[in-house]
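The values are calculated or read from the model by the stated rules, or taken from the named source; none is laboratory data. Every value quoted in this text rests on a predicted model; they were computed, and no experiment measured them. Cβ placement follows ideal geometry from the backbone for every residue including glycine, while neighbour counts extend to all protein chains displayed.
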Amino acid sequence: MAIYETEEEQVEALKRWWKENGRSTITGVIVGIVIIVGWNIWQDYKQNQALQASALYAQLLNAQNEGNLESAEKIAERIQDQFGGTAYNDYAGLFDAKIKVQQGDLAAAQQSLEAVAKKGSDEIAQVARLGLIRILLAKGEYEQGLQMIAEAKYSDGFSGAYEELKGDLYVALDRLGEARTAYQAALRTGHKSPLLQFKLDDITEAEIIVNQ
């Protein structure tokens, strides 16, 4: 560090430093301020979006609880149109699919679930894929459902649900041995399903009758 003998030398040194570094220092400060302000504005925007989406989602739940499917459908569509950058968009997509199923429009429900499966977070995407497989089962597209399960990547927490659906698809294809294996695998995961044991019992009973 330089040592200056007089105050004038210190002033001159400061002037030289400012001449050499002043512009970059000011630029750096301005850029820093812009970044901070911009970040704060972005965070405020995201928070405001989330609050608005949350309020609409609450309205969606109320409409569904009251059985007002038309109103619930419109609110779900509004959330997806206006708040695509929030998690509520994915929740609204799931609700929209559920409403479409209740209305008997499986094709529209399938489209809603496909959109969520592509864009949703991991868990929400898994829920959407399970819904898609159930729609394929309802439409009689059993092989397509099995193919989707075979290609799915999922955590252990979802393995039981996938195995149960696999069993349902095998039953529909009258492949009871494979269905039993799938149901047993679902039970081993600890999957909580009120009908799982009944499904397995029905298959066992059916096989006993066939073999008599």
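Just a few scattered comments:
- Candidates in region 101-127 are the residues that are part of a helix (DSSP H, G or I) and of a type in the set (D, E, K, R); of these, the one that is farthest from the chain's Cα centre (by Cα) is 114.
- Pairing each residue of region 190-203 that is more than 14 Å from residue 165 (Cα to Cα) and surrounded by 15 or more Cβ atoms within 10 Å (Cβ to Cβ) with any residue that is among the hydroxyl-bearing types (Ser, Thr, Tyr) and modelled with pLDDT of 85 or more, provided the two are 6+ apart or on different chains, yields C-beta distances under 9 Å for 203/183.
- Test: residue 146 is part of a helix (DSSP H, G or I) and under 27 Å from residue 80 (Cα atoms): no
- Each residue in region 147-167 was checked for being of a type outside the set (Gly, Ala, Ser) and surrounded by fewer than 20 Cβ atoms within 10 Å (Cβ to Cβ), and 8 of them qualify.
- Evaluation of residue 153 against (1) among the charged types (D, E, K, R); (2) assigned by TED's automatic domain parsing to the domain that holds residue 70; (3) outside any helix (DSSP H, G or I) (one fails), failing number: (2)
- With respect to the conditions (1) farther than 24 Å from residue 124 by Cβ; (2) touching a Phe, Trp or Tyr at 6+ places or on another chain (Cβ under 8 Å); (3) at pLDDT 85 or above, residue 197 lacks only one, and its number is (2).
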